[in-house]
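A short worksheet on the structure shown next.
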Amino acid sequence: MGLLDGKTGIIFGVANKRSIAWAIAQALSREGMRLAFTYQGERLKESVEELTTRMDGSVLLPCDVTTDAEIEAVFREVGEKFGKLDALVHSVAFAPREDLENEFVKTTRDGFKLAHDISAYSLVGLTRAALPWMEKAGGGSVLAMTYYGAEKAVEGYNLMGVAKAALEASIRYLAANLGPRNIRVNAISAGPVNTLAARGIKGFTGMLKHHAEKAPLRRNVELEEIGNAALFLLSPMSSGVTGEVLFVDGGYNIIGL
Ligand code: NAD
């Protein structure tokens with residue numbers, strides 16, 4: 001008996017086996033959840049397909065989160081196949097490399113818009129599209145991924161920190177809005193892990209080293225640990241929790257000096 005037998009979920013953000021979204025998928029699947037996955041563009045199709053076909057009953061569809069028509073098509077198809085949705089995972093972020101690397105004051109208008117569209121607004125758009133199917137399930141749980149750079153100025157994180165602040169505020173407003181419909185909305189603030197997206201952050205290797213030295217647990221977090229925390233937030237074990245940002249960072253955020 002799995003904790004999530006009979007439950008269904010959709011995951012945005014698997015690019016490869018190092019993706020946080022894939023670690024979350026493995027934890028959910030282990031507990032019996034049936035999953036749908038999306039991939040961004042043909043470039044990633046093959047690698048995502050290779051991973052997801054191993055999961056029984058899984059569904060795979062293309063979706064660029066900047067396109068409303070693609071979002072609608074995904075939820076129409078997944079809704080029809082699954083009949084309801086219990087969980088939505090948003091593990092998607094992007095900012096143009098120049099806007100991450102330049103001095104923050106040089107952030108461009110176009111870069112700012114794009115980073116917010118992909119990394120923050122998409123959570124609102126995806127949750128809205130999931131709503132009718134979550135209502136059919138009698139409620140649901142939404143989870144997004146964030147980072148400490150939303151709260152404090154972190155060197156090299158720049159524009160992404162501002163987009164994550166918008167994402168975290170969106171978590172709270174969505175949670176307040178949808179709580180009466182028994183839909184919970186939370187985020188995990190993960191410590192640094194070496195993924196494709198992380199490689200876009202200048203000085204990322206130094207960041208990993210610094211976190212491992214300063215965090216109370218004296219190490220970086222493992223992908224599996226993020227997956228297990230996600231499992232908690234997406235399962236009935238966290239039924240009283242909404243609008244929260246849960247740190248899975250070895251305790252790094254509690255340290256002052
Ligand atoms: P990743 O590169 O594996 O995942 C990022 C995903 O975003 C990719 O699957 C990519 O295809 C997707 N994406 C980007 N633009 C998109 C678009 N327009 N439409 C659809 N999908 C799009 O890297 P990751 O580190 O697993 O990132 C997942 C999430 O975790 C992100 O929100 C990231 O900010 C967050 N996060 C990462 C770390 C870290 O250190 N890696 C720490 C805290 C939070």
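The values are calculated or read from the model by the stated rules, or taken from the named source; none is laboratory data. This is a predicted model, so every value here is computed, not measured. Positions of Cβ are generated from backbone atoms using ideal geometry, with glycine treated the same way; all protein chains shown enter the neighbour counts. For the accessible areas, the whole protein counts, side chains as well, though only heavy atoms, and no ligand, DNA or RNA atoms are used. Shrake-Rupley method; radii C 1.70, N 1.55, O 1.52, S 1.80 Å.
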Review point. Which of the residues that make up region 108-122 are part of a helix (DSSP H, G or I), open to solvent by 20 Å² or more (accessible area, probe 1.4 Å) and more than 10 Å from the ligand (Cβ to nearest atom)?
Key: ARG109, ASP110, PHE112, LYS113, HIS116, TYR121
Exercise for review: Please tell me if ASP56 is open to solvent by 10 Å² or more (accessible area, probe 1.4 Å), within 19 Å of the chain's Cα centre (by Cα) and either within 25 Å of ILE171 (Cβ to Cβ) or not small (Gly, Ala, Ser) (or both).
Suggested key: no
Point to revise | So LEU3, is it open to solvent by 70 Å² or more (accessible area, probe 1.4 Å), touching a residue at least 60 places away in the same chain (Cβ under 8 Å) and in a loop (DSSP other than H, G, I, E, B) | key: yes
Check your understanding: Looking at VAL162, VAL154, which one is out of contact with any Leu (no Cβ under 6 Å at 6 or more places or on another chain), under 18 Å from GLY111 (Cβ atoms), open to solvent by 20 Å² or more (accessible area, probe 1.4 Å) and not in a helix (DSSP H, G or I)?
Key -> VAL154
Check your understanding: Mind checking whether some residue in region 95-107 is touching a residue at least 40 places away in the same chain (Cβ under 8 Å), among the small types (Gly, Ala, Ser), within 14 Å of the ligand (Cβ to nearest atom) and open to solvent by 40 Å² or more (accessible area, probe 1.4 Å)?
Key -> no
**Study point:** Within region 59-86, tally of residues that are open to solvent by 30 Å² or more (accessible area, probe 1.4 Å) and in a helix (DSSP H, G or I)
**Key:** 9
Point to revise | In region 190-228, the residues that are of a type in the set (Gly, Ala, Ser), within 12 Å of the ligand (Cβ to nearest atom) and assigned to a helix (DSSP H, G or I) | key: ALA197, ALA198, GLY200, GLY227
Check your understanding: Do the conditions hold for GLU155, that is, is it more than 22 Å from ALA229 (Cα to Cα), touching a residue at least 24 places away in the same chain (Cβ under 8 Å), out of contact with any helix residue (DSSP H, G or I) (no Cβ under 7 Å at 6 or more places or on another chain) and away from the ligand (no atom under 12 Å from the Cβ)?
Key -> yes
Study note, to complete from the structure: Of GLY203, GLY251, GLY243, the only residue that is of a type outside the set (A, V, I, L, M, F, W, C), at pLDDT below 95 and open to solvent by less than 60 Å² (accessible area, probe 1.4 Å) is GLY203
Revision key, fill the gap. All conditions in (1) closer than 27 Å to ALA130 by Cβ; (2) open to solvent by 70 Å² or more (accessible area, probe 1.4 Å); (3) not aromatic (Phe, Trp, Tyr) are true of GLY256 except (1)
Practice item. Kindly check whether there is at least one residue in region 123-141 that is surrounded by 15 or more Cβ atoms within 10 Å (Cβ to Cβ) and in a strand (DSSP E or B). Key: yes
